[in-house]
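*Asks:* Below are the structure tokens for one structure; questions will follow.
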């Protein structure tokens, strides 16, 4: 399947939660006899409830409902108006990828259990499939199982991996990986870091150290800091993200487990509340089930009327 088809399939549960019921509401609101009239308060309340239930978030929901309430062009369907507003929210998330010297360094961060280590392997596979020669850096030196898991993913992706002994300084491992990448012509360098709670000050400080060391090794590094969020936790991921943004310089989101939740609307909340772009979406457990995120394809997949 193509990227759009996989995204559409991954959003199945969210569509069942949101769009089927949504269409029932809009069918009444967009009936010919209602065209040209203000949207009824009861309809707006129903739409608000549906958006909240899909974890679109309070701020994004209020923005969408306000747009519907204030819109005077009732020649267009409410469905199209909602789609346009969600697309505008996703597009408003700013992109801040740093373009520095080669190699391009990608730091992958997040709490345990979000799919961070598997995401690193899938990112490497995406890069290799696109013709690059990536290198994986195993900077989680606290958990031996994490390195073993990452080696399996590196083997599946057909890419090299740099690791160190258990308990080694993660920043030193990152420095060595960048040096190895330069020597062997590997690009990008994709760094797996230890899972950490945003409340652990010492571990968040360690991320800052990794960033400083990477910047000394190559100009502008890390060029991307991707925070892996589990879509199934919904709004709780927003709180995690805020802390990682301040401590780790996050400039992009990887939204995993999108296929396992009815809360796929959290993508809209992330864009509205954090102003961060979603760069990739996880739609399955296979190595090819991480896809580049496209706001337009997300909206089209969510609201397509094929059941």
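The values are calculated or read from the model by the stated rules, or taken from the named source; none is laboratory data. If you're wondering where the values come from, they're calculated on a predicted model, not measured in any experiment. Every residue, glycine as well, gets a Cβ built from its backbone with ideal geometry; the counts of neighbours run over all protein chains shown.
*Asks:* Quick check on residue 237: is it under 21 Å from residue 122 (Cβ atoms), assigned to a helix (DSSP H, G or I) and at pLDDT below 85?
*Replies:* Values: under 21 Å from residue 122 (Cβ atoms): yes; assigned to a helix (DSSP H, G or I): yes; at pLDDT below 85: yes.
Here the answer is yes, as residue 237 does meet what is asked.
*Asks:* So, of the residues in segment 230-248 that are farther than 16 Å from residue 54 by Cα and touching a helix residue (DSSP H, G or I) at 6+ places or on another chain (Cβ under 6 Å), which turns out to be surrounded by the most Cβ atoms within 10 Å (Cβ to Cβ)? Talk me through it step by step, then tell me what you get.
*Replies:* Step one: of segment 230-248, the residues farther than 16 Å from residue 54 by Cα are 239-248.
With touching a helix residue (DSSP H, G or I) at 6+ places or on another chain (Cβ under 6 Å) added as a condition, the list becomes 241, 247-248.
Details: 241: 19, 247: 19, 248: 24.
The qualifying residue surrounded by the most Cβ atoms within 10 Å (Cβ to Cβ) is 248.
Yes/no matrix, rows are residues, columns are (1) more than 14 Å from the chain's Cα centre (by Cα); (2) within 27 Å of residue 84 (Cβ to Cβ):
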position: 250; (1), (2): no, no
position: 255; (1), (2): no, yes
position: 262; (1), (2): yes, yes
position: 297; (1), (2): yes, yes
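*Asks:* Would you mind finding the one in 286, 282 that is free of Cβ contacts under 8 Å to residues at least 40 places away in the same chain and farther than 19 Å from residue 58 by Cα?
*Replies:* 286
*Asks:* Every residue in segment 31-71 that is at pLDDT below 85, under 34 Å from the mean Cα position of the chain (by Cα) and more than 29 Å from residue 13 (Cβ to Cβ), please.
*Replies:* 71
*Asks:* I'd like to know if segment 217-225 contains one or more residues that are over 23 Å from residue 57 (Cα atoms), in a helix (DSSP H, G or I) and either at pLDDT 85 or above or in contact with a helix residue (DSSP H, G or I) (Cβ under 8 Å, 6 or more places away or on another chain) (or both).
*Replies:* Looking through segment 217-225, at least one residue is over 23 Å from residue 57 (Cα atoms), in a helix (DSSP H, G or I) and either at pLDDT 85 or above or in contact with a helix residue (DSSP H, G or I) (Cβ under 8 Å, 6 or more places away or on another chain) (or both).
*Asks:* Which residues, taken from segment 148-163, are modelled with pLDDT under 95, over 24 Å from the mean Cα position of the chain (by Cα) and buried (at least 18 other Cβ atoms within 10 Å of the Cβ)?
*Replies:* Of everything in segment 148-163, just one residue is modelled with pLDDT under 95, over 24 Å from the mean Cα position of the chain (by Cα) and buried (at least 18 other Cβ atoms within 10 Å of the Cβ), namely 163.
*Asks:* From the list 209, 275, pick out the single residue that is at pLDDT 90 or above, surrounded by fewer than 19 Cβ atoms within 10 Å (Cβ to Cβ) and touching a helix residue (DSSP H, G or I) at 6+ places or on another chain (Cβ under 6 Å).
*Replies:* Of the residues listed, the single one that is at pLDDT 90 or above, surrounded by fewer than 19 Cβ atoms within 10 Å (Cβ to Cβ) and touching a helix residue (DSSP H, G or I) at 6+ places or on another chain (Cβ under 6 Å) is 209.
*Asks:* Checking residue 142 against (1) farther than 22 Å from residue 254 by Cα; (2) free of Cβ contacts under 8 Å to residues at least 40 places away in the same chain, which test does it fail?
*Replies:* (2)
*Asks:* Restricting attention to segment 249-270, which residues are in contact with a strand residue (DSSP E or B) (Cβ under 7 Å, 6 or more places away or on another chain) and under 18 Å from residue 52 (Cα atoms)?
*Replies:* Once the filter is applied, which keeps residues that are in contact with a strand residue (DSSP E or B) (Cβ under 7 Å, 6 or more places away or on another chain) and under 18 Å from residue 52 (Cα atoms), segment 249-270 yields 258, 267, 270.
*Asks:* Hey, another quick one. Of the residues 181, 195, which is closer than 23 Å to residue 125 by Cβ and part of a helix (DSSP H, G or I)? Even if it seems obvious, please write down each step before you answer.
*Replies:* Values: 195 fails: part of a helix (DSSP H, G or I).
Among 181, 195, only 181 is closer than 23 Å to residue 125 by Cβ and part of a helix (DSSP H, G or I).
*Asks:* Against the condition assigned to a loop (DSSP other than H, G, I, E, B) and surrounded by 15 or more Cβ atoms within 10 Å (Cβ to Cβ), how does residue 111 come out, does it pass?
*Replies:* Spelling it out, residue 111 is indeed assigned to a loop (DSSP other than H, G, I, E, B) and surrounded by 15 or more Cβ atoms within 10 Å (Cβ to Cβ).
*Asks:* Let me ask something else about it. It is to be established whether one or more residues within segment 291-301 are crowded, with 17+ Cβ neighbours inside 10 Å and closer than 25 Å to residue 150 by Cα.
*Replies:* So far as segment 291-301 goes, yes, one or more of its residues are crowded, with 17+ Cβ neighbours inside 10 Å and closer than 25 Å to residue 150 by Cα.
*Asks:* Something else now. Of the residues 185, 167, 181, only one is surrounded by 23 or more Cβ atoms within 10 Å (Cβ to Cβ) and out of contact with any helix residue (DSSP H, G or I) (no Cβ under 9 Å at 6 or more places or on another chain); which?
*Replies:* 181
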